[in-house]
Amino acid sequence: MPLYTSTTFERAADGSFPKGFEYVRDANPNRNAFESCMAALEGGCEAIAFSSGMAAIAAMMEAHVAGRCARIVLPVDMYFGIRSLITDTDLGQRFEFITVDMTDLDQVRAVVSSGRPTLVWIETPSNPLINVVDIEAVTNLAHSAGAIVVVDNTWGTPALQRPLAFGADAVVHSATKYIGGHSDLMLGVVVLPAGSNLGMPLRAIQKHKGSVPSPFDCWLALRGIQTLSLRMKAHSANALAVAKALSAASEIETVLYPGLPHDPGHGTASRQMSAFGGMLSLIVCGGAKTAVRLTGAVKIVTRATSLGGTHTLIEHRASIEGPETKAPPGLLRISVGLEHPDDIIDDLRNALDVATAD
Ligand SMILES: *Cc1c(COP(=O)(O)O)cnc(C)c1O
């Protein structure tokens, strides 16, 4: 579609807006197209786009806490930015939160029956431990307690899993990652199913608080989406090849990837995902020192944070998250890109040799 960079749209002589648009923050052609596309991909009814994944997540939480005593259940392992959102901004003071290991349904059951939650937040696969949460089972437990469920589907994408089909009440995305797919845009979105009462408050936050994406970022995201299903297949195939190759290395303690048959998330992921995704974590023997040395020795793989682009990225999660981190010291998170899998594997094997040589 064409890119409309206009911030304002002309009125007709009678004062009406014949193109249906008035001012860029309220609505614009590229944002509308991106929102309709995301709603369709997730099997939802409406999508509301924001300037980043965090803006979408903050808006989602604000829309939920408005006017009620909110109790939010969060997973122990989740995107670090959400922890910072709660500890470093006023949002965290506006609700109570409980954290739980969401891979353990008994723990979830105990928390929803005793904690009277109003919202249960799911992230699957999770950052950085690549935990797989059973969306349908957790959603059923949450609903039985009268709570709504929000799924952060950034790592799955609608090409691999569609949480609304399992009963979730909203899906959030950092479209900065796989949706954009080329590490060149920043964008977030909330997708709602038919009959949701969150649409109105989210639109109000979008319009009046103004954390809106640019038309260009929406345009880029639509271009990325044209190859989303192909990219996710290729990311998943490459990640599986890397995971298999590296799990054979004696210097690696564990490869965390649900595509591996022995991974604790394998069964659930096989049921709810069409492929296992492009994200994996390694825990190297030798802890932080070996892990950091490994990142220093890669040649094709790029040392950088973020994920979901065409290039393979590696990072030592504990270093970027700082002292508050829950990431194991030897953990390296890898966003497996679209290079030839043998090149990625050779590079990581070489780097591992360098890191473990004395
Ligand atoms: C990156 C990310 C976010 C935050 O998105 P931004 O676009 O960086 O604001 C939220 N959740 C997950 C799972 C992410 O990977």
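Taking the options Trp121, Trp155, name whichever one is of a type outside the set (S, T, N, Q), in a loop (DSSP other than H, G, I, E, B) and either outside the structural domain of Gly53 (by TED's automatic domain parsing) or within 16 Å of the ligand (Cβ to nearest atom) (or both).
Answer to the selection: Trp155.
Here is a check on your reading of the model: is Val292 open to solvent by 50 Å² or more (accessible area, probe 1.4 Å) and either assigned by TED's automatic domain parsing to the domain that holds Ser126 or assigned to a helix (DSSP H, G or I) (or both)?
Yes, satisfied.
Select from the range 167-178 the residues that are crowded, with 23+ Cβ neighbours inside 10 Å and away from the ligand (no atom under 16 Å from the Cβ) and list them in ascending order.
Across the range 167-178, the qualifying residue is only Asp169.
Identify the residue in the range 336-357 that is open to solvent by less than 10 Å² (accessible area, probe 1.4 Å) and touching a residue at least 60 places away in the same chain (Cβ under 8 Å) and, among all such residues, is farthest from the chain's Cα centre (by Cα).
Across the range 336-357, the extreme among qualifying residues is Ala355.
Within the range 139-159, how many residues turn out to be farther than 14 Å from Glu123 by Cβ and open to solvent by 10 Å² or more (accessible area, probe 1.4 Å)?
Summing the residues that are farther than 14 Å from Glu123 by Cβ and open to solvent by 10 Å² or more (accessible area, probe 1.4 Å) in the range 139-159 gives 9.
Answer with yes or no whether Ser229 is in contact with a Phe, Trp or Tyr (Cβ under 8 Å, 6 or more places away or on another chain) and away from the ligand (no atom under 16 Å from the Cβ).
In short, no.
Is one or more of the residues making up the range 275-285 outside the structural domain of Thr124 (by TED's automatic domain parsing) and part of a helix (DSSP H, G or I)?
No, every residue in the range 275-285 fails to be outside the structural domain of Thr124 (by TED's automatic domain parsing) and part of a helix (DSSP H, G or I).
Is it the case that some residue within the range 52-65 is assigned by TED's automatic domain parsing to the domain that holds Gly195, over 21 Å from the mean Cα position of the chain (by Cα) and β-branched (Val, Ile, Thr)?
Yes.
Can you tell me which residue in the range 34-54 is nearest to the ligand (Cβ to nearest atom), limited to those that are open to solvent by 30 Å² or more (accessible area, probe 1.4 Å) and farther than 18 Å from Val151 by Cβ?
If we take residues in the range 34-54 being open to solvent by 30 Å² or more (accessible area, probe 1.4 Å) and farther than 18 Å from Val151 by Cβ, then Ser51 is nearest to the ligand (Cβ to nearest atom).
Determine which member of the set Leu192, Leu164 is open to solvent by less than 10 Å² (accessible area, probe 1.4 Å) and more than 16 Å from the ligand (Cβ to nearest atom).
Leu192
Please state which of the following conditions Leu220 fails to meet, knowing it meets all the rest: (1) more than 16 Å from the ligand (Cβ to nearest atom); (2) in contact with a Gly (Cβ under 9 Å, 6 or more places away or on another chain); (3) not aromatic (Phe, Trp, Tyr).
Unmet condition: (1).
Restricting to the range 124-141, give me the number of residues that are outside any loop (DSSP other than H, G, I, E, B) and within 16 Å of the ligand (Cβ to nearest atom).
Summing the residues that are outside any loop (DSSP other than H, G, I, E, B) and within 16 Å of the ligand (Cβ to nearest atom) in the range 124-141 gives 1.
Which members of the range 105-160 meet the condition of being over 28 Å from Ser229 (Cβ atoms) and within 22 Å of the chain's Cα centre (by Cα)?
Across the range 105-160, the qualifying residues are Leu105, Val108, Thr118, Leu119, Val120, Asn140, Ala142, Ala147, Ile148.
The values are calculated or read from the model by the stated rules, or taken from the named source; none is laboratory data. What you see is a predicted model, and the numbers here were worked out from it, not measured in a lab. For neighbour counting, all protein chains shown are included, and Cβ atoms are generated from backbone atoms with ideal geometry for every residue, glycine included. Quick note on the areas: whole protein, heavy atoms, side chains included, nothing else; ligands and nucleic acids left out. Shrake-Rupley method; radii C 1.70, N 1.55, O 1.52, S 1.80 Å.
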